[in-house]
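Novice: Please see the structure below; I have some questions.
The values are calculated or read from the model by the stated rules, or taken from the named source; none is laboratory data. Values in this document were obtained by computation on a predicted structure and should not be read as measured data. Note that each Cβ is placed from the backbone with ideal geometry, even for glycine, and that neighbours are counted across all protein chains shown.
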Amino acid sequence: MIRSITLIACLVLASPAISQEQVGRPALKAEAVVSSDIVRIGDLIENAGAVSDIPIFRAPGLGQSGAVPASRVVDAVRPHHLFGLDTRGLAEIVVTRASRTITTNDFDTRVVRALAGQYGSAEATNLTVIFDNEPRTVHVEPNSGNLRISRLTFEPRTGRFDVSFEAPGSTAARRAPLRFTGSLTETFEAAVPARPIAQGEVLKVSDVIVTRRPKAEFAAGAFTYPEQVVGLVARRSLPAGRALRSADLQKQELVARNENVTITYEVPGIVLTMRGQALESGAQGDLISVLNVQSKKTIHAIIIGPGRVTVAATPPRLAVNASPSSPRNIASLPAK
């Protein structure tokens, strides 16, 4: 956000005149980055010479930017005898206050690092911090010390913690509330719905994401990768963000019970088809019972597509107790 810059009320009343030959012609800068809460002449003007360190404006807040009209800069430096100032046709100068940011991830990382050894045998990479109130990004002075924990209590049985942080040398950090409570939990990567899924809906690639979920949600059959669930059908309504398990999904049904199907029987050189009725429902690759409408016999067939099943031919084999003296006990061999 661009904000206005406040003119410092108390200006130095006298300053030495600067020779253009000594420092070159002074000129306005289009933008400036300052590291303190004061904007000085040298921050806004090139070749300001001996008056460079004279303060003229208050700087924006840490990490923020402000705009000061060029005319105000000219008015502010006029008492300091900075002759021949080149405004370069600028209407304003954008001033940014330098800062170092402390993010939620910084707080999270330090809590995990401090508590990993106290949380059973779980690896640090599998631990996740859940703050009761998500920390906001904090801007601190660029030269301040690194974020560190100043106080920490932890209850291993419940996973609850209470932690306070500090950034040595930072005035902003001392003013900010850097105390947080929350819980530490072991997590695992899981495939979860990216949106609510209705019962009977077929999952698409865009419907599934991978995220870390608490171990308490883990159950046998939990899926890890999207490709494991894409194309499957929801057995029930599924909320977004909850780990998907095998009990939640099923393969897409290609044949319904009592549906008329085409039975295919195939052997080398011969393909037979006949009409049948499915006695069971099933998905691709399932073995189901099918009634041969012509013979009225029940057979077992594998589903190969919508309304289509196939019967695998049984390869010829020798009888177990066959002997040379009883040729009728030898199974017929295929002709060469």
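Novice: Residues to consider are Asn292, Asn329, Asn321; find the one that is at pLDDT 90 or above and of a type in the set (S, T, N, Q).
Specialist: Working: Asn329 fails: at pLDDT 90 or above; Asn321 fails: at pLDDT 90 or above.
Of Asn292, Asn329, Asn321, the one residue that is at pLDDT 90 or above and of a type in the set (S, T, N, Q) is Asn292.
Novice: Take the range 257-271 and flag every residue that is at pLDDT 90 or above and either in contact with a helix residue (DSSP H, G or I) (Cβ under 9 Å, 6 or more places away or on another chain) or part of a loop (DSSP other than H, G, I, E, B) (or both).
Specialist: Within the range 257-271, Arg257, Asn258, Glu259 qualify.
Novice: Taking Glu166 as the residue in question, decide whether it is farther than 23 Å from Phe218 by Cβ and buried (at least 16 other Cβ atoms within 10 Å of the Cβ).
Specialist: Working: farther than 23 Å from Phe218 by Cβ: yes; buried (at least 16 other Cβ atoms within 10 Å of the Cβ): yes.
Here the answer is yes, as Glu166 does meet what is asked.
Novice: Still on this structure: Could you grab me the full set of residues in the range 217-254 that are assigned to a strand (DSSP E or B), within 21 Å of Gln284 (Cα to Cα) and out of contact with any Asp or Glu (no Cβ under 8 Å at 6 or more places or on another chain)? Give the steps one after another, and end with the answer.
Specialist: Filtering the range 217-254 down to residues assigned to a strand (DSSP E or B) leaves 222, 233-234, 238, 245, 249-250, 253-254.
Narrowing further to those that are within 21 Å of Gln284 (Cα to Cα): 233-234, 245, 249-250, 253-254.
Passing the criteria: Arg245, Leu249, Gln250, Glu253, Leu254.
Novice: A further question on this structure: Could you tell me which residue of the range 54-103 is farthest from Glu31 (Cα to Cα), considering only residues that are β-branched (Val, Ile, Thr) and surrounded by fewer than 18 Cβ atoms within 10 Å (Cβ to Cβ)? Steps first, please.
Specialist: Within the range 54-103, the subset β-branched (Val, Ile, Thr) is 54, 56, 68, 73-74, 77, 87, 93-96, 101-103.
Those left that are additionally surrounded by fewer than 18 Cβ atoms within 10 Å (Cβ to Cβ): 74, 87, 94, 96, 101, 103.
On the way: Val74: 15, Thr87: 13, Val94: 5, Thr96: 8, Thr101: 21, Thr103: 26 Å.
Going through the qualifying residues, I end up with Thr103.
Novice: Another question about this same structure. When only residues in the range 112-155 that are within 18 Å of Ala176 (Cα to Cα) and hydrophobic (A, V, I, L, M, F, W, C) count, which is surrounded by the fewest Cβ atoms within 10 Å (Cβ to Cβ)? Quick ask: steps written out before the conclusion?
Specialist: Looking only at the range 112-155, we keep the residues that are within 18 Å of Ala176 (Cα to Cα), and these are 131-152.
Subset that is hydrophobic (A, V, I, L, M, F, W, C): 131, 138, 140, 147, 149, 152.
Numbers: Phe131: 16, Val138: 25, Val140: 23, Leu147: 21, Ile149: 16, Leu152: 14.
If we take residues in the range 112-155 being within 18 Å of Ala176 (Cα to Cα) and hydrophobic (A, V, I, L, M, F, W, C), then Leu152 is surrounded by the fewest Cβ atoms within 10 Å (Cβ to Cβ).
Novice: For residues that are charged (D, E, K, R) and within 16 Å of Gly221 (Cα to Cα), tally how many sit in the range 173-197.
Specialist: Taking the range 173-197 as the starting set, the residues that turn out to be charged (D, E, K, R) are 174-175, 179, 186, 189, 195.
When the remaining residues are screened for being within 16 Å of Gly221 (Cα to Cα), the result is 189.
Of the residues in the range 173-197, 1 are charged (D, E, K, R) and within 16 Å of Gly221 (Cα to Cα).
Novice: Return yes when Ser246 is hydroxyl-bearing (Ser, Thr, Tyr) and at pLDDT below 90 and no when it is not. Break it down stepwise before answering.
Specialist: Numbers: hydroxyl-bearing (Ser, Thr, Tyr): yes; at pLDDT below 90: yes.
For Ser246, the condition - hydroxyl-bearing (Ser, Thr, Tyr) and at pLDDT below 90 - is met.
Novice: Tell me which of these Arg275 doesn't satisfy, since it passes every other one: (1) of a type in the set (D, E, K, R); (2) without any contact (Cβ under 8 Å) to a residue 24 or more places away in the chain; (3) buried (at least 16 other Cβ atoms within 10 Å of the Cβ).
Specialist: Evaluating Arg275 over (1) of a type in the set (D, E, K, R); (2) without any contact (Cβ under 8 Å) to a residue 24 or more places away in the chain; (3) buried (at least 16 other Cβ atoms within 10 Å of the Cβ) leaves (3) as the failure.
Novice: Let me ask something else about it. Would you call Pro196 closer than 28 Å to Asp248 by Cα and at pLDDT 95 or above? Steps first, answer last, please.
Specialist: Details: closer than 28 Å to Asp248 by Cα: yes; at pLDDT 95 or above: yes.
Against the criterion (closer than 28 Å to Asp248 by Cα and at pLDDT 95 or above), Pro196 qualifies.
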